[in-house]
Amino acid sequence: MEEKQYSILVIDDEESMRDSCCLILAREGFETDSAENGEIGLAKLQESQPDFVLIDLKMPGIGGLEVLDQVRKINPEIIPIVITGYATVGSAVEAMKRGAYDFLPKPFTPEELRLIIRRGIERKRLQQEAESLRREKKLIEENFITMVSHQLRSPLVAVAQYFEVILGGHVGEVAARQKDMIEKAKVRLEGLLDLISDWLSIARMNGGRLVDRLKPAHLEPLLARLIEFLQGLTGEKHITLTLTPGSGSDLAPTDWESLEQVFSNLITNAIKYNRESGSVDVSVREEADSIIVDVTDTGVGISQEHLPFIFDQFYQIDRSKRSGDKGSGLGLTIAKKIVGAHGGTIHVTSEEGAGSTFSVRLPKAQSLH
Ligand code: ADP
């Protein structure tokens, strides 16, 4: 394997010291440079960002300790080693405390210098290894998200579409028992697809890509469209789903693609955990600095003991006793994170057996400035 050529800057006011260090290190394969005082040294450090810097502690003008402090600011990956006279062992200890990797007491032999530098190289190698592992891990995480979304999701979507075709009777008559089974399979598949997309949302969030740019928007027309779309879910339990608009004059900073997911989840839950012939109302109201959207249902409600936890990841209230058991327990966690990324809050009030209200409070667009 080809050896990497390391670079080093020697900062020392003594010319003979600079020259001899550079000579020894050049023989070791280093690319060397030198500076006769702290000021020039700092300028060179800034410009060439070497792998190592050898700093004499005792120099006129900007002293070695000061140079040392600056090294960390210029580039914390530069490895600083200090050279110190016998009289200044105390400052060598100080230098170590301030981030020097090692120190070399004067006078030193070429072998002593080589030894310390080799230790530095080992440290550099470990630093680079850690960095490349970090990069690799990030890449794996990103690829993992792409892998899950494409390689897992796409075939499942295709299977769901085949079911759709079969159930639609497009490839021949389907017997009642077969139809029943395929419908059940389809429901399970949809549950799995929902789980994957919730899981992807969480993974994206952890990667910090939660919301795109926020643009001021009126929420009501967007909510009206969503509600119209979700009417399709109300039939089975005969739920009435309504929108009660507010004044509609204020704008909220919005990334609708992600906020839609929040409201879609809240409304779907309000339907899912509702009673037969119950109702769900989505209302918009305004306060001084915020716009509040309440999603109110007449469903099973949530008991006080569960209330503090329902926004926690994977938290679900005993499913066997409840209707609608297809969730992942991630929906509210995602909702809370998305609303938080909008500068808003989400909270719930609920009475067991009577229903719940989930309130999303978003700042008004103008109150952001
Ligand atoms: P899930 O995918 O299970 O619906 P959520 O994170 O959306 O996951 O919700 C967590 C739990 O909170 C649900 O399992 C349910 O028990 C409870 N819950 C959520 N919304 C309501 C609601 N409107 N009424 C009653 N319980 C609810």
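The values are calculated or read from the model by the stated rules, or taken from the named source; none is laboratory data. Keep in mind the model is a prediction, meaning the values are calculated, not measured. Every residue, glycine as well, gets a Cβ built from its backbone with ideal geometry; the counts of neighbours run over all protein chains shown. The area values use the complete protein model at the heavy-atom level, side chains included, leaving out ligands, DNA and RNA. Shrake-Rupley method; radii C 1.70, N 1.55, O 1.52, S 1.80 Å.
Of note:
Here is a yes/no grid of residues against (1) part of a helix (DSSP H, G or I); (2) over 27 Å from A365 (Cβ atoms); (3) open to solvent by less than 50 Å² (accessible area, probe 1.4 Å):
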{"site": "G232", "(1), (2), (3)": "yes, yes, no"}
{"site": "L259", "(1), (2), (3)": "yes, no, yes"}
{"site": "S264", "(1), (2), (3)": "yes, no, yes"}
{"site": "F314", "(1), (2), (3)": "no, yes, no"}
{"site": "I317", "(1), (2), (3)": "no, yes, yes"}
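- Considering region 210-230, and only residues there that are among the acidic types (D, E) and surrounded by fewer than 16 Cβ atoms within 10 Å (Cβ to Cβ), the residue that is farthest from the chain's Cα centre (by Cα) turns out to be E228.
- Selected residue (criterion: surrounded by the fewest Cβ atoms within 10 Å (Cβ to Cβ)) from residues of region 31-63 that are out of contact with any helix residue (DSSP H, G or I) (no Cβ under 7 Å at 6 or more places or on another chain) and either assigned to a helix (DSSP H, G or I) or in contact (Cβ under 8 Å) with a residue 40 or more places away in the chain (or both): P60
- Filtered residues of region 266-277 (kept if more than 12 Å from V360 (Cβ to Cβ) and either modelled with pLDDT under 90 or aliphatic (A, V, I, L, M) (or both)): A270, I271
- Residues (open to solvent by 70 Å² or more (accessible area, probe 1.4 Å) and either in a strand (DSSP E or B) or within 16 Å of the ligand (Cβ to nearest atom) (or both)) located in region 237-250: T240
- The residue pairs whose first member lies in region 123-142 and is of a type in the set (S, T, N, Q), whose second member is open to solvent by 80 Å² or more (accessible area, probe 1.4 Å) and outside any helix (DSSP H, G or I), and whose beta carbons are closer than 8 Å, counting only pairs six or more residues apart or on different chains, are Q127/E77.
- Verdict on P253 being open to solvent by less than 10 Å² (accessible area, probe 1.4 Å) and farther than 21 Å from E190 by Cα: yes
- For L126, the criteria (1) within 17 Å of V187 (Cβ to Cβ); (2) open to solvent by 90 Å² or more (accessible area, probe 1.4 Å) hold in every case but one, which is (1).
Let's see how each residue does on (1) out of contact with any Phe, Trp or Tyr (no Cβ under 8 Å at 6 or more places or on another chain); (2) at pLDDT 90 or above; (3) more than 7 Å from the ligand (Cβ to nearest atom):
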{"site": "V293", "(1), (2), (3)": "no, yes, yes"}
{"site": "I302", "(1), (2), (3)": "yes, yes, no"}
{"site": "E305", "(1), (2), (3)": "yes, no, yes"}
{"site": "P308", "(1), (2), (3)": "yes, no, yes"}
{"site": "Q313", "(1), (2), (3)": "yes, no, yes"}
{"site": "Q316", "(1), (2), (3)": "yes, no, no"}
{"site": "S320", "(1), (2), (3)": "yes, no, yes"}
{"site": "G331", "(1), (2), (3)": "yes, no, no"}
{"site": "I346", "(1), (2), (3)": "no, yes, yes"}
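- Pair list, Cβ under 6 Å, 6 or more apart: region 167-194 residue surrounded by 12 or more Cβ atoms within 10 Å (Cβ to Cβ), other residue at pLDDT below 90 and outside any helix (DSSP H, G or I): G191/K326
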